[in-house]
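Student: There's a structure below that I have some questions on.
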Amino acid sequence: MPEIFTAVFTCSTNIQVKIDKIATWFKRSGKKHSDFKLKFLIEIICSNVQKSYPLKELSLNYNSDFTLSIKGEFYEHFNDFIRIFVDNMLKHSSNRLINCTINVNTFDDYFQIVFENDFPITDYDFPITDSEYGAKLDSIKLITEGKSGLVKAVKTIKDDLKEEKNQIYFLPSKDMFKVTVLIYFNELIV
């Protein structure tokens with residue numbers, strides 16, 4: 001009987017070693033981003049997203065009092081959620097010229113990023129429902145809605161930025177779409 005336990009243990013150990021080896025294939029090879037300024041990241045994202053929509057023109061109006069540097073370990077997460085919102089502005093607008101305003105405001109222990117554009121919403125049904133406190137993501141619509149990236153954006157803002165207090169608010173209307181993101185400083189700032 002002890003031979004069976006030894007064999008099972010040895011087999012289990014060998015499997016775990018192989019799984020760990022395979023897992024290393026998917027880890028990034030030490031690539032680290034430098035600390036960054038939000039303004040430059042936003043400009044790069046807008047330029048890159050614009051290239052995906054050659055028949056549309058993105059006019060960016062960026063206003064900010066946020067001058068702090070953000071730790072490089074959060075670069076990819078900021079890139080992900082900002083790209084999602086900018087991409088949605090171009091994807092769901094029926095206008096050729098998309099006027100996009102991004103305002104970044106600093107408060108005591110958090111900063112706020114507001115994405116706004118003045119496009120008429122096409123026939124896209126955003127996965128958002130109204131509540132007494134403002135627009136919230138509708139979990140049932142999110143399951144079936146497809147490719148807006150809003151689920152990933154919310155996950156990134158709350159989980160990947162390591163702060164459950166971070167919030168996201170939506171204000172869709174016939175004439176404009178506005179997203180406000182509140183991000184608490186915590187471990188983000190250099």
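The values are calculated or read from the model by the stated rules, or taken from the named source; none is laboratory data. Predicted model only: the values in this text are computed from it and were never measured. In this analysis, Cβ positions are derived from the backbone assuming ideal geometry, glycine residues included, and neighbour counts consider all displayed protein chains.
Student: Out of segment 27-49, which residues are farther than 30 Å from Asp108 by Cα, modelled with pLDDT of 90 or more and not hydrophobic (A, V, I, L, M, F, W, C)?
Tutor: Ser47, Asn48, listed by residue number.
Student: Looking at Leu68, is it within 20 Å of Asn117 (Cα to Cα) and aliphatic (A, V, I, L, M)?
Tutor: No: the conditions fail for Leu68.
Student: Further, regarding this structure: Which one is nearest to Ser34 (Cα to Cα), of the residues in segment 137-189 that are aliphatic (A, V, I, L, M), in a loop (DSSP other than H, G, I, E, B) and modelled with pLDDT of 85 or more?
Tutor: It comes out as Leu188.
Student: I need the full set of residues from segment 34-59 which are surrounded by 13 or more Cβ atoms within 10 Å (Cβ to Cβ) and within 18 Å of His92 (Cα to Cα), in order please.
Tutor: Listed by number, the residues that qualify are Ile45, Cys46, Asn48, Val49, Gln50, Tyr53, Lys56, Glu57, Leu58.
Student: Determine which member of the set Ser93, Ser64 is modelled with pLDDT of 90 or more, at negative phi, among the small types (Gly, Ala, Ser) and surrounded by 14 or more Cβ atoms within 10 Å (Cβ to Cβ).
Tutor: So the residue among Ser93, Ser64 that is modelled with pLDDT of 90 or more, at negative phi, among the small types (Gly, Ala, Ser) and surrounded by 14 or more Cβ atoms within 10 Å (Cβ to Cβ) is Ser64.
Student: Restricting attention to segment 84-112, and to residues there that are of a type in the set (A, V, I, L, M, F, W, C) and assigned to a strand (DSSP E or B), which single residue is farthest from the chain's Cα centre (by Cα)?
Tutor: Leu97
Student: Yes or no: Phe81 of a type outside the set (D, E, K, R), crowded, with 17+ Cβ neighbours inside 10 Å, outside any helix (DSSP H, G or I) and at pLDDT 90 or above?
Tutor: So Phe81 fails the test.
Student: What is the number of the single condition among (1) loosely packed, with under 14 Cβ neighbours inside 10 Å; (2) hydroxyl-bearing (Ser, Thr, Tyr); (3) at pLDDT 90 or above that Thr24 does not meet?
Tutor: (3)
Student: I want to confirm something. Restricting to segment 148-190 and keeping residues that are closer than 29 Å to Ile98 by Cα and of a type in the set (Phe, Trp, Tyr), which single residue is surrounded by the most Cβ atoms within 10 Å (Cβ to Cβ)?
Tutor: Filtering first and then ranking leaves Phe177.
Student: When you look at Val104, is it within 27 Å of Phe36 (Cβ to Cβ) and either touching a Cys at 6+ places or on another chain (Cβ under 6 Å) or at pLDDT below 85 (or both), yes or no?
Tutor: Answer is no for this residue.
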